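S.K.: Sharing a structure below in structure tokens format, with a few things to ask.
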Protein chains: 2
Amino acid sequence: MRGFAESPIEKPKTVAEQVANVLREAIASGTLKAGTALRQDELAEEFGFSRMPIRDALRQLEAEGIVSIHPTKGAHVTRMDGAEIGEIYAVRELLECEALRLSIPAISDGKLDEAEQALDQIDAERNVGRWGALNRTFHLLLYHACGNQRLLGLIEAHHNAADRYVRILLSSLDYRTRSQSEHRDLLAACRQRDGRKAVNVLRQHLREGSATLVNAIEDGGMSRRP
Amino acid sequence: MRGFAESPIEKPKTVAEQVANVLREAIASGTLKAGTALRQDELAEEFGFSRMPIRDALRQLEAEGIVSIHPTKGAHVTRMDGAEIGEIYAVRELLECEALRLSIPAISDGKLDEAEQALDQIDAERNVGRWGALNRTFHLLLYHACGNQRLLGLIEAHHNAADRYVRILLSSLDYRTRSQSEHRDLLAACRQRDGRKAVNVLRQHLREGSATLVNAIEDGGMSRRP
DNA sequence: ATTGGGATATAAGTATCCTCGTGTACGAGT
DNA sequence: ACTCGTACACGAGGATACTTATATCCCAAT
């Protein structure tokens, strides 16, 4: 879009950022389960860095709501119950519906094509771990033209926060089929530039996701104490 | 509610938190102006602590959007232009209207009385610095019963982010008069439990605030480079 | 059984040192 | 006079080693 020298030159990556990325993915993928203690010296040794950048990473993840830090008790992977998931989805509904509403009049056909490709990739993808990312990509592409960076940032943050739970949803073939069908409907409404319909489909999509997830967590025992 | 010894026993306060609070207030009050470099060793010496808790504090403020951290360039007080203020207000409108809508059916008369007291205090208060806090208190009291902690958290964060700019607004007698009149209308609608009206008043209130502020910043030169 | 220490583990905080990217200022070459 | 390159200073990121404070758990004395 903007560059001639393309992307590779960006701002330097700090160790803290890299550590945060690894931890974020580990938490999202379920490698680090809810409630796990994240001890700084342990992580420091494991990653081969000092405590300083590890603390920075943990702070960052705390801001994202993925990790909870209590003074003297340290950092733990945030444990979420059904109520919290419900809250996140309520906020997502609010934010994403608004972003979609704003985006639709401005969205380019190119972006819609990209979104469609993301859907096709989801259908084709066999690696469970990739579905979460593709799902997010699809949604964010639709909101991209909303013109409010802060709104987009919040949406992304809430995707991150719920990611590891969403992946539980996506691992069910049944849910994935239903979800994909809703995605196609949503995309169709976007292509027609029918904002009202698109928003309604999205709202329904998120509410179903929320209900399914809250159920799974409540009686699946995801939130049991160890 | 829960205690016998009241509040003082809560979780221990870390140095980082205290530093963050002081810095947040200094930025909100305008003591630290937009663009100011926040050098860690300087702050460390000034506060009489080491760099570690100062870094933690800066990270936290970064998460709140008050401070921007660039690797190798360090931390600076976030500089906002009219567009960013507009974005914040757009998000506030979205979040706060929803919170109010959810809150109204559940809000207690006691909270409404408290909110009214906050308004009276604003009228009585002579200290400019207190208006911001009272203004926030009033708004948050109305949303308190919305039942979504995360939503409340986001609202508070956005108050923080825009605080130092809102204070510019509030320092104008003209705006304050108008704002208070809108606040009274809003409260009245809440007392009648008229959700639609209350939300409309709030929306209008925020839009006026946004427009006034964006104007003030665009031609007031608040966002000039140093 | 209850209380009241220790002992241990871990987070928080301190102090110092090193490396490296960035900006600036000065001097050489044209 | 203008550009370019180098030298140098500064500050952030990071490493390392040490101290302090706060839990928690276990055991011993009452």
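S.K.: For B:LEU112, only one of the following conditions fails: (1) part of a helix (DSSP H, G or I); (2) buried (at least 20 other Cβ atoms within 10 Å of the Cβ); (3) in contact (Cβ under 8 Å) with a residue 60 or more places away in the chain. What is its number?
M.R.: Status for B:LEU112: all satisfied but (2).
S.K.: Mind checking whether some residue in segment B:56-73 is of a type in the set (Lys, Arg), near DNA strand D (Cβ under 9 Å from one of its atoms) and closer than 15 Å to B:ASN21 by Cα?
M.R.: Within segment B:56-73 (the criterion being of a type in the set (Lys, Arg), near DNA strand D (Cβ under 9 Å from one of its atoms) and closer than 15 Å to B:ASN21 by Cα), the answer is no, since none of the residues qualifies.
S.K.: When B:GLU62 is evaluated against the numbered criteria (1) more than 9 Å from DNA strand C (Cβ to nearest atom); (2) of a type outside the set (S, T, N, Q); (3) more than 23 Å from the chain's Cα centre (by Cα); (4) open to solvent by 50 Å² or more (accessible area, probe 1.4 Å), which criterion, by number, is the only one it fails?
M.R.: Here B:GLU62 clears every test but (3).
S.K.: Does A:ALA34 satisfy the criteria of being outside any helix (DSSP H, G or I) and touching a residue at least 60 places away in the same chain (Cβ under 8 Å)?
M.R.: For A:ALA34, the condition - outside any helix (DSSP H, G or I) and touching a residue at least 60 places away in the same chain (Cβ under 8 Å) - is met.
S.K.: Under 6 Å between Cβ atoms, which residue pairs at least 6 apart in sequence (or on different chains) link something in segment B:170-194 that is closer than 22 Å to B:ARG126 by Cβ with a partner that is open to solvent by 60 Å² or more (accessible area, probe 1.4 Å) and not aromatic (Phe, Trp, Tyr)?
M.R.: B:SER171/B:VAL128
S.K.: Before we move on, is B:THR14 within 14 Å of DNA strand D (Cβ to nearest atom), within 10 Å of another protein chain (Cβ to nearest Cβ) and at positive phi?
M.R.: Spelling it out, it is not the case that B:THR14 is within 14 Å of DNA strand D (Cβ to nearest atom), within 10 Å of another protein chain (Cβ to nearest Cβ) and at positive phi.
S.K.: Still on this model: Taking helices (runs of 4 or more DSSP H) that fall entirely within segment A:131-226, which contain at least 3 residues that are within 20 Å of B:ARG150 (Cβ to Cβ)?
M.R.: The qualifying helices (runs of 4 or more DSSP H) are A:149-170, A:195-220.
S.K.: Name the residue that is farthest from the other protein chains (Cβ to nearest Cβ), counting only residues in segment A:47-64 that are of a type outside the set (S, T, N, Q) and not in a helix (DSSP H, G or I).
M.R.: A:GLY48
S.K.: Looking only at segment A:17-42, how many residues end up being within 11 Å of DNA strand D (Cβ to nearest atom) and either modelled with pLDDT under 90 or not small (Gly, Ala, Ser) (or both)?
M.R.: The qualifying residues number 5.
S.K.: Moving on to the next point. Given B:ALA83, B:ALA75, B:ALA44, which one is more than 16 Å from B:ALA157 (Cα to Cα) and not in a helix (DSSP H, G or I)?
M.R.: B:ALA75
S.K.: Taking B:ASP123 and the conditions (1) within 16 Å of DNA strand C (Cβ to nearest atom); (2) more than 17 Å from the chain's Cα centre (by Cα), which numbered condition does it fall short on, given that it satisfies the others?
M.R.: (1)
S.K.: Could you say whether any residue in segment B:105-112 is touching a Pro at 6+ places or on another chain (Cβ under 7 Å), modelled with pLDDT of 90 or more and either closer than 27 Å to B:HIS183 by Cβ or not small (Gly, Ala, Ser) (or both)?
M.R.: There is no residue in segment B:105-112 that is touching a Pro at 6+ places or on another chain (Cβ under 7 Å), modelled with pLDDT of 90 or more and either closer than 27 Å to B:HIS183 by Cβ or not small (Gly, Ala, Ser) (or both).
S.K.: Among the residues that make up segment A:48-55, is at least one of them within 16 Å of DNA strand C (Cβ to nearest atom), under 29 Å from A:SER171 (Cα atoms) and either in contact (Cβ under 8 Å) with a residue 40 or more places away in the chain or outside the structural domain of A:ARG207 (by TED's automatic domain parsing) (or both)?
M.R.: No, segment A:48-55 contains no residue that is within 16 Å of DNA strand C (Cβ to nearest atom), under 29 Å from A:SER171 (Cα atoms) and either in contact (Cβ under 8 Å) with a residue 40 or more places away in the chain or outside the structural domain of A:ARG207 (by TED's automatic domain parsing) (or both).
S.K.: If you check every pair at least six apart or on different chains, which have Cβ atoms under 9 Å apart with a residue in segment A:144-160 that is closer than 16 Å to B:MET80 by Cα and at the interface with chain B (Cβ under 9 Å from one of its Cβ atoms) first and a residue that is among the aromatic types (Phe, Trp, Tyr) and buried (at least 21 other Cβ atoms within 10 Å of the Cβ) second?
M.R.: That search, which allows pairs on different chains as well, returns A:LEU151/A:TYR143.
S.K.: While we're on this one: Please indicate, with yes or no, whether at least one residue in segment A:166-174 is open to solvent by 70 Å² or more (accessible area, probe 1.4 Å) and of a type in the set (Lys, Arg).
M.R.: No - not one qualifying residue is present in segment A:166-174.
S.K.: Of all residues in segment B:65-90, which are open to solvent by 50 Å² or more (accessible area, probe 1.4 Å) and either more than 11 Å from DNA strand C (Cβ to nearest atom) or hydrophobic (A, V, I, L, M, F, W, C) (or both)?
M.R.: Of everything in segment B:65-90, those that are open to solvent by 50 Å² or more (accessible area, probe 1.4 Å) and either more than 11 Å from DNA strand C (Cβ to nearest atom) or hydrophobic (A, V, I, L, M, F, W, C) (or both) turn out to be B:SER68, B:HIS76, B:ARG79, B:ASP81, B:ALA83, B:GLU84.
S.K.: Would you be able to tell me the number of residues in segment A:91-101 that are over 15 Å from A:LEU186 (Cα atoms) and either facing chain B (nearest Cβ under 9 Å) or surrounded by fewer than 20 Cβ atoms within 10 Å (Cβ to Cβ) (or both)?
M.R.: Residues in segment A:91-101 being over 15 Å from A:LEU186 (Cα atoms) and either facing chain B (nearest Cβ under 9 Å) or surrounded by fewer than 20 Cβ atoms within 10 Å (Cβ to Cβ) (or both): 3 in total.
S.K.: Need the failing condition index for B:ALA216 against (1) at pLDDT 95 or above; (2) of a type in the set (Gly, Ala, Ser); (3) over 27 Å from A:LEU95 (Cα atoms); (4) surrounded by 15 or more Cβ atoms within 10 Å (Cβ to Cβ), just the number.
M.R.: Just one mismatch for B:ALA216, condition (1).
S.K.: Please find, among A:ARG92, A:ARG126, A:ARG101, the residue that is farther than 29 Å from A:ARG193 by Cα and either assigned by TED's automatic domain parsing to the domain that holds A:ALA161 or outside any helix (DSSP H, G or I) (or both).
M.R.: The conditions single out A:ARG126.
The values are calculated or read from the model by the stated rules, or taken from the named source; none is laboratory data. All values reported here derive from a predicted model rather than from experimental measurement. Because the Cβ atoms are built from the backbone with ideal geometry, glycine has one as well, and the counts that use them run over all protein chains shown. To get the accessible areas, we keep the full protein, side chains included, count just its heavy atoms, and leave off ligands, DNA and RNA. Shrake-Rupley method; radii C 1.70, N 1.55, O 1.52, S 1.80 Å.
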